[in-house]
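Below: the structure, in structure tokens.
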Amino acid sequence: MPGSPTTHDRPTSSVREASSDPKQSDQGRLERVSPALAKPVRMTSFWTAIVLPFLHVPLLATGLSNAAETFTFVGLLALNLVALYVGHSYRR
């Protein structure tokens, strides 16, 4: 419809509005706490999240027959979730 506003006509958000986004402030928390370690920690977490699922395969292939194997699997799964959370913004 002619004369109706489109997405190109809408004003862009300012930097102040973007920084108030909770997701943005969460990504910067590590940078605020330890700026020198933020990049290595995110890189390590990113690659850990990629490699850890390969450790799940032997456990699942042999079966979780006892409590130690089940505990190891759940621990690896929890570690993988933490690594995914910390390393998700690597190279952004």
Problem set entry | Single unsatisfied condition, His56 versus (1) at pLDDT below 90; (2) open to solvent by less than 70 Å² (accessible area, probe 1.4 Å) | (1)
Exercise. In the stretch 61-87, which residues are exposed (fewer than 12 other Cβ atoms within 10 Å of the Cβ) and either more than 24 Å from the chain's Cα centre (by Cα) or of a type in the set (Gly, Ala, Ser) (or both)?
Worked result: Ala61, Thr62, Gly63, Ser65, Asn66, Ala67, Ala68, Gly75, Ala78
Problem set entry | Filtered residues of the stretch 1-37 (kept if acidic (Asp, Glu) and modelled with pLDDT of 75 or more) | none
Problem set entry | Cβ-Cβ under 6 Å pairs, at least 6 apart or on other chains, the stretch 68-83 side within 26 Å of Lys39 (Cβ to Cβ), far side open to solvent by less than 70 Å² (accessible area, probe 1.4 Å) and β-branched (Val, Ile, Thr) | Ala83/Thr48
For this session: Examine the stretch 38-47 for a residue that is modelled with pLDDT under 75 and either in contact with a Cys (Cβ under 7 Å, 6 or more places away or on another chain) or surrounded by 10 or more Cβ atoms within 10 Å (Cβ to Cβ) (or both), and state whether such a residue exists.
Result: no
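The values are calculated or read from the model by the stated rules, or taken from the named source; none is laboratory data. A quick note: this is a predicted structure, and the numbers were derived from the prediction, not measured. Ideal geometry is used to build each Cβ from the backbone, glycine not excepted, and the neighbour counts take in all protein chains shown. What goes into the accessible areas is simple: the full protein's heavy atoms, side chains included, and nothing from ligands, DNA or RNA. Shrake-Rupley method; radii C 1.70, N 1.55, O 1.52, S 1.80 Å.
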